[in-house]
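In what follows, a single structure is set out as structure tokens and then discussed.
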Amino acid sequence: MRPKVWRPAVEPSAAEQVIIRRVRRAKLFVFLRAHRHELFDEAFQAELAGLYVDASHGQPPVPPAQLALALVVQAYQGVSDDEVIEATVMDRRWQLVLDCLDAEHPPFAKGTLVGFRARLIEAGLDRRLVERTVELAAATGGFGSRALRAALDSSPLWGAGRVEDTLNLMGHALRKALGVLARQQGRGLTDLAGIAAQAGTPMVGSSSLKAALDLDWDDPVARDHALGLVLAAVDAVAAFVAAQPDADPNAAASVAVAHQVRDQDVDLAAGDAGASPTLRRGVAKDRRISVEDGQMRHGRKSRSTLIDGYKRHVLTDLDSGLIPAVGVTAANAPEASVTGQISDDLAAQQARLAELHIDRAYLSSELVRERADDLAIYCKAWQVRNGPSHAPRFAKPAFRLDFERGELTCPNQVVMAFRLGGTVHFPAQTCTACPLRERCTTSTKGRSVHIHPDERLLAELRQRQLTPHGRAKLRERVAVEHTLAHVGQWQGRRARYIGIRKNLFDLRRVAVVHNLHVIARQPADQRAA
Ligand code: SF4
């Protein structure tokens, strides 16, 4: 059965007014009470109702608008699902927003909230929540529709899964596989040791694989021996799971995780050559680092900041302060890979970019490479050097580029044709005879200059930062750093969920919280205009 439209009273009752007057700090409760009917207007509620099958029987579902509102307040307060349910009967501010003042029983069960969140994510309607705040901002005045001047940046989001070394990862995955079988056989997790013994590998039943192995971990020979024992355990558990009739597929999935860790971290070829298998040196590309969260990765935000998990990317409208688009990537993914998510969010809002302020990591993104002619990119240019620092030679900016004619002119006024993405080789004879040669090149083959595929943009960026106006424009990007600080304050530094998609949902509702604060900060007369 489809849910009915939620139509709580617009004007606050006398009892609600008392609560509103008492709220001192968490003013978003008051704002949501006043504007919930605009955020969840009837058209949006009809979209949310589409998450439910239209059947003629069964209980009418809880209004999705009420559940969506609870998810937004959950992000604002940073509480668990259990705490949400508790707050609906214990906290009068929650009751004010969710229209359940003095309720003795929660208006919905935890399972209903969890189920609604899964439906919302599956249908991609969490993106619509962000869009609704942007629409509300436009409708309530202050932020009209226009081409955006926006800045994009990211911050680290540590993953929720436990990061472990290779041996513990394999041990953890094997314990999980046996735990699935133990539950399936009705033995419970307490009999993990029993099922591990049955699989022929009792050490997997121990809560700590390393404690069960009881070796001197500083001794390389003992470490190699331990690796051999764990690899044997992987084979034993894999064979045991495969031999179980009607085994729960989750057991095989956990064995697959153990195999994935083995294949990425262990040099098995050494075993073929007669030596013991050894742990690989360095970090494998796209290395799995957690059993629970298979999408977390090692990465870095800067040379000094290492991340185990994800990066959250936020696009800020520099004029309004709103967040119209967000994205989440694994920590090892290049920054530029997020711009597909950002473009999709903007396309869904039919928003157009007029200015994009970014750092250099986003320069290779689609958003820049396939930009419209009227999109201005603001970014600090790469420093261009040539030769050692004590004796610098002519760098690329000393050469004049004529993009209309496709000509490159060197400091000695020698003109050569160029093409974007190609390399210009000045003739060796000309360079040998050139009076400026010592300041230009040491090559006997003559000077060569590489032309970047987007050289026009790079030249523009270099030129722009030479002027005070250009440098002032570059400083505008700092606004997105402030926005990321606000986002971090609500979302925290550690992910609430497992996997990219659920964490994207979480980031989107944090963007909703941020945008509602931006709208609430607008003077009331402008909001009503
Ligand atoms: S060395 Fe060659 S490229 Fe450099 S200034 Fe002289 S002619 Fe031009």
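The values are calculated or read from the model by the stated rules, or taken from the named source; none is laboratory data. None of the values given here were measured: they were computed from a predicted structure. Because the Cβ atoms are built from the backbone with ideal geometry, glycine has one as well, and the counts that use them run over all protein chains shown. Each accessible area value is taken on the protein alone, full model and side chains, heavy atoms only, with ligands, DNA and RNA left out. Shrake-Rupley method; radii C 1.70, N 1.55, O 1.52, S 1.80 Å.
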Practice task
May I ask you to list the residues in the stretch 400-416 that are within 13 Å of the ligand (Cβ to nearest atom), in contact (Cβ under 8 Å) with a residue 24 or more places away in the chain, open to solvent by 30 Å² or more (accessible area, probe 1.4 Å) and outside any loop (DSSP other than H, G, I, E, B)?
Solution key: none
Exercise for the section: Test residue 439 against the stated conditions and say whether it is in contact with a Pro (Cβ under 8 Å, 6 or more places away or on another chain), more than 13 Å from residue 394 (Cα to Cα) and charged (D, E, K, R). Expected result: no
Handout entry: Condition check for residue 2: out of contact with any Phe, Trp or Tyr (no Cβ under 9 Å at 6 or more places or on another chain), basic (Lys, Arg) and open to solvent by 40 Å² or more (accessible area, probe 1.4 Å)
Key = no
Handout entry: So residue 44, is it assigned by TED's automatic domain parsing to the domain that holds residue 95, closer than 16 Å to residue 119 by Cβ and among the hydrophobic types (A, V, I, L, M, F, W, C)
Key = yes
Exercise for the section: Looking only at the stretch 249-272, decide whether some residue is assigned to a loop (DSSP other than H, G, I, E, B) and of a type outside the set (Lys, Arg). Expected result: yes
Practice task
Would you tally the residues in the stretch 448-504 being under 23 Å from the mean Cα position of the chain (by Cα) and among the small types (Gly, Ala, Ser)?
Solution key: 6
Problem - One residue from 422, 492, 488 being open to solvent by less than 30 Å² (accessible area, probe 1.4 Å) and farther than 30 Å from residue 511 by Cβ - result: 422
Handout entry: Candidates 44, 108 - the one that is of a type in the set (Phe, Trp, Tyr), under 27 Å from residue 131 (Cα atoms) and in contact (Cβ under 8 Å) with a residue 60 or more places away in the chain
Key = 44
Exercise for the section: Please note which helices (runs of 4 or more DSSP H) are completely contained in the stretch 443-495 and include at least 1 residues that are more than 25 Å from residue 323 (Cβ to Cβ) and among the β-branched types (Val, Ile, Thr). Expected result: none
Problem - Lone unmet requirement of (1) polar (S, T, N, Q); (2) open to solvent by less than 40 Å² (accessible area, probe 1.4 Å); (3) closer than 24 Å to residue 276 by Cα for residue 206 - result: (3)
Practice task
Answer yes or no as to whether residue 261 is at pLDDT 90 or above, farther than 21 Å from residue 192 by Cα and hydrophobic (A, V, I, L, M, F, W, C).
Solution key: yes
Exercise for the section: Quickly run through the stretch 284-305 and pick out the residues that are open to solvent by 20 Å² or more (accessible area, probe 1.4 Å) and over 15 Å from the mean Cα position of the chain (by Cα). Expected result: 284, 285, 286, 287, 288, 292, 302, 303, 304, 305
Problem - Boolean, residue 487 is within 16 Å of the ligand (Cβ to nearest atom) and modelled with pLDDT of 95 or more - result: no
Practice task
Can you work out which of the residues in the stretch 348-399 that are under 21 Å from residue 154 (Cβ atoms) and among the polar types (S, T, N, Q) is surrounded by the fewest Cβ atoms within 10 Å (Cβ to Cβ)?
Solution key: 364
Exercise for the section: Might you let me know whether the stretch 467-481 holds any residue that is touching a helix residue (DSSP H, G or I) at 6+ places or on another chain (Cβ under 6 Å), under 30 Å from residue 313 (Cα atoms), open to solvent by less than 50 Å² (accessible area, probe 1.4 Å) and not assigned by TED's automatic domain parsing to the domain that holds residue 313? Expected result: yes
Exercise for the section: Filter the stretch 417-442 for residues that are more than 8 Å from the ligand (Cβ to nearest atom), closer than 14 Å to residue 386 by Cα and outside any helix (DSSP H, G or I) and give the result. Expected result: 442
